[in-house]
Amino acid sequence: MSIPHQLERADLLCKQRGVRFTPTRRNVFTLISGYQGAVSAYDLLDKLKELEPNAKPPTVYRALDFLLAQGFVHKVESLNAFLFCEHFDEHHPMQLLICNQCGLVVELHDEAINQAFEQQAKLNGFVITNQSIEAHGQCRQCQTTERQC
Ligand SMILES: [Zn+2]
Ligand SMILES: [Zn+2]
């Protein structure tokens, strides 16, 4: 999906939710949506500085907090990085497959995995407040490239 279209969808959601989609938030949204995989806050800051020379780390972190709260991005805990969510207008279960070689991150939405996880938590008397299910390995593309070498 093209970036302007995503921006329009995000704009509409913010209006519906009564939250402010400020220029900085929009800039960070646009930057992060241009990445294939996950991106760190500092890489985003470098890019943001090209648009907003006065941007500081808190500028980026505040914008990311907003985007996380709105569900526009996901946090990749094991990489301490952020991932643009393609389907941000629906609430969804999430599991991540992360390629150690090329950095590709595949977002899965398997309700059964989440339910099993929650079920096990319940059996242990545990209430989950936030969860991340992340697996590291090699993507299909990287496995093929390796075999050809
Ligand atoms: Zn998502
Ligand atoms: Zn890969």
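A few points about this structure:
- The requirement of being out of contact with any strand residue (DSSP E or B) (no Cβ under 7 Å at 6 or more places or on another chain), under 20 Å from residue 29 (Cβ atoms) and modelled with pLDDT of 95 or more is not satisfied by residue 67.
- Applying the criterion of at least 1 residues that are outside the structural domain of residue 8 (by TED's automatic domain parsing), more than 16 Å from ligand 2 (Cβ to nearest atom) and polar (S, T, N, Q) to the helices (runs of 4 or more DSSP H) found wholly in segment 34-149 leaves 111-123.
- Scanning segment 29-51 for residues that are crowded, with 16+ Cβ neighbours inside 10 Å and farther than 15 Å from residue 73 by Cα gives 43, 45, 47, 48.
- Exactly one residue among 104, 67 is within 14 Å of ligand 1 (Cβ to nearest atom) and not acidic (Asp, Glu), and that residue is 67.
- On the stretch given as segment 105-132, residues that are more than 18 Å from residue 88 (Cα to Cα) and among the β-branched types (Val, Ile, Thr) total 4.
- In segment 28-57, the residues that are charged (D, E, K, R) form Cβ pairs under 6 Å with partners that are crowded, with 16+ Cβ neighbours inside 10 Å, at six or more places apart or across chains, as follows: 47/31; 49/55.
- Flag for residue 26 being surrounded by fewer than 12 Cβ atoms within 10 Å (Cβ to Cβ) and farther than 30 Å from residue 143 by Cβ: no
- Selection from segment 76-105 of residues that are under 11 Å from the mean Cα position of the chain (by Cα) and surrounded by 18 or more Cβ atoms within 10 Å (Cβ to Cβ): 76, 81, 82, 83, 84, 85, 88, 94, 96, 105
- Selection of segment 7-23 for residues being part of a helix (DSSP H, G or I) and surrounded by 18 or more Cβ atoms within 10 Å (Cβ to Cβ) yields 10, 14.
- Condition check for residue 51: modelled with pLDDT of 95 or more and within 14 Å of ligand 1 (Cβ to nearest atom): no
- Screening 85, 139 for residues that are away from ligand 1 (no atom under 11 Å from the Cβ) and within 27 Å of residue 31 (Cβ to Cβ) leaves exactly one candidate, 139.
The values are calculated or read from the model by the stated rules, or taken from the named source; none is laboratory data. Owing to the predicted nature of the structure, the values given are computational and were not obtained by experimental measurement. Note that we place each Cβ from the backbone using ideal geometry, even for glycine, and neighbour counts take in every protein chain shown.
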